[in-house]
Structures are given as C-alpha cells and as structure tokens.
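K.L.:
One structure, pasted below without further comment.
Each reported figure results from applying straightforward, stated rules to the coordinates on display, with no laboratory input. All figures in this text were calculated on a predicted structure; none of them were measured in a lab. Positions of Cβ are generated from backbone atoms using ideal geometry, with glycine treated the same way; all protein chains shown enter the neighbour counts.
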Protein chains: 2
Amino acid sequence: MQSQLDSSFSALSDPTRRAVIERLVNGPASVSDLASPHDMALPTFMRHLKVLEDSGLVRSVKKGRVRTCHIEAAPLMELQGWLEWQRRVWDQRLDRLSTLAEKINRNTS
Amino acid sequence: MQSQLDSSFSALSDPTRRAVIERLVNGPASVSDLASPHDMALPTFMRHLKVLEDSGLVRSVKKGRVRTCHIEAAPLMELQGWLEWQRRVWDQRLDRLSTLAEKINRNTS
C-alpha cells in the first residue's frame, strides 16, 4: 500500500505538478486558470491534476461549471517535516564532527 | 530531461529508499549494513540503492571489497528549499487572509 509520503513525493516528481502547487500556495484557482500557462492538451493536464488529487495534495470543488482547486496543507507539511527531520539529524552529525575535530586539534597542537 | 528536483522527489517516493536516507544522515554506511534491516533479496535492495545514486542523493566509494555509501547534502537541501518556499508563500497568504478578516470584523462591529 502506498503511504501518504510515497504518493506526495511521487506526485511532486514532475515539473507541471510542482508548478500547479507553486500556483495554488498563492490561493485557490480554477482548472482553466491552472491549465492556461501549460503548453499541453487539456486531457494531459487533467491527468497531472488527477495525480495531485489522488495524492491528497490538492482538492477541488465544482460549483456550477467551474471546478476550483486548492491546496491541502497537511500532506505538504508532512513532507516538509520528514525533510526537516533528516536535515536536523544531518546537522547534529556535522556538529559532532566539528567538536571532534576541535578536540583532535587541541590534542595535537 | 529529468531535473534534479524531479529525480530527487521520485527517488524518495519509496519507503525503502527513505529508510536508507534516514540511516545515512547519521553517517556513512556499508552496503551490507544498509541492506540488513530490509527484508528483501540483495538484488532488489541494490536496485533501490541505484535509484538513490542515479538521483545524486547518495554517493558510494569502493575500498577493497567494501562499498561505503554517504549522503550528498546539496540535492536534499534543494528539496527542502523548494518545500520551504511553498510553505512561506502559503503562510504569507494566511497572514493576508487573517489581516483581511480583522479589517472586516472592525468594519462590521
């Protein structure tokens, strides 16, 4: 079974889908507004949008003839949380290494 | 052509590969140490490792019979940078919305 992180990372591995997210963090937008900057057939664009909706990163609501999309913050924050955690562990390791290097320096000087 | 962000996001869309990154942020490790917690055939594990190396997130060096893997920080920081940027734009939007809500409140009360 695909976890939320699996499908979030997978959904963002495409420049068109990242561009949709970059647009939607500024606020909701209609499907036609989202599609207009992209030089591709509408069905192709809709497939990208479907990947984003299936991943839970984007939700859409239809009102009359207009479908409006918006960001779901939680999966994006989960992604950011995972990456921040890796970064924190990595930074702590660099700190330990530099403390060790200082100790070695003091002992050899 | 796949960009660095494309291949980084794609490489991290799998739990085995994320587990390898979670291990390597603690420091370099041999391939056999990396493989041991994973209940899968070594060739399957090696394919996951190859995806990580192809993406540039992981590098490996062979010394004698031991291949040691380590993290490449730059692509991981690029990922984190992209997500932080989305988060910042998103937060600014929420700030604008709450300022607007306050104004409306003041005008109607």
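K.L.:
When a/c reaches 1.5 or more, the comparison of a/b and b/c decides; with that in mind, is the protein assembly as shown rounded, prolate or oblate per its Cα gyration tensor? Don't jump to the answer; show the numbers that get you there.
P.N.:
Numbers: a/c = 2.95, a/b = 1.64, b/c = 1.79.
In terms of gyration-tensor shape, oblate.
K.L.:
Then there is this: Of B:33, B:95, B:14, which has the largest mean-square fluctuation in a 10 Å C-alpha GNM of chain B?
P.N.:
B:95
K.L.:
Determine the sum of side-chain charges near residue A:57: Lys and Arg each +1, Asp and Glu each -1, restricted to other residues whose C-beta is under 14 angstrom from that of residue A:57.
P.N.:
-1
K.L.:
Using a label point 7 angstrom from Cα along Cα-to-C-beta, what distances in nm, from shortest up, separate residue B:95 from the other copies?
P.N.:
Shortest to longest, the spacings are 2.7 nm.
K.L.:
Could you pull out which residues in region B:15-35 have an amide N less than 16 Å from a spot 7 Å beyond the Cα of residue A:99, following the Cα-Cβ vector?
P.N.:
B:26-27
K.L.:
Right, something else. With runs of 4+ DSSP H residues as the only contributors, calculate the mean residue ellipticity of the protein assembly as shown at 222 nm using -39,500 (n - 2.57) per run, divided by the residue total and rounded to the nearest 500.
P.N.:
Working: 10 runs with 146 residues, N = 218.
The per-residue figure over the protein assembly as shown is -22000 deg cm²/dmol.
K.L.:
What whole-number distance in Å separates the alpha-carbon centres of region A:52-95 and region B:83-102?
P.N.:
So the separation of the two Cα centres works out to 15 Å.
K.L.:
Summing Lys, Arg as +1 and Asp, Glu as -1, what charge do residues with Cβ under 15 Å from the Cβ of residue A:20 carry, residue A:20 excluded? Could you put the intermediate results ahead of the total?
P.N.:
Details: positive: A:17, A:18, A:23, A:47, A:50, A:59, A:67; negative: A:14, A:22, A:33, A:39, A:53, A:54, A:72, B:6.
Once all neighbours under 15 Å are counted, the net charge is -1.
K.L.:
If you bin every alpha carbon distance in region B:2-108 into 5 Å steps from zero, what whole percent lands in each bin?
P.N.:
2, 11, 18, 18, 13, 8, 6, 5, 5, 5, 4, 3, 2, 1, 0, 0
K.L.:
Over its Cα atoms, what ratio of radius of gyration to 2.2 N^0.38 Å does region A:1-58 give? It would help to have the intermediate numbers written out before the result.
P.N.:
Values: Rg = 11.2 Å, N = 58, 2.2 N^0.38 = 10.3 Å.
Taking N as the residue count of region A:1-58, the ratio is 1.08.
K.L.:
Report the one residue of B:15, B:79, B:30 whose Cα lies farthest in the direction of the positive end of the charge dipole of region B:3-109 (charges on C-beta: Lys and Arg +1, Asp and Glu -1; origin at the Cα centre).
P.N.:
Highest projection toward the positive end goes to B:30.
K.L.:
Return the single residue from A:81, A:27, A:64 with maximal mean-square fluctuation; model: Gaussian network over chain A, springs between Cα atoms under 10 Å.
P.N.:
A:64
K.L.:
Pick from A:98, A:36, A:60: which is most flexible by mean-square fluctuation in a GNM of chain A where alpha carbon atoms under 10 Å apart are linked?
P.N.:
Of A:98, A:36, A:60, the most mobile in the Gaussian network model is A:98.
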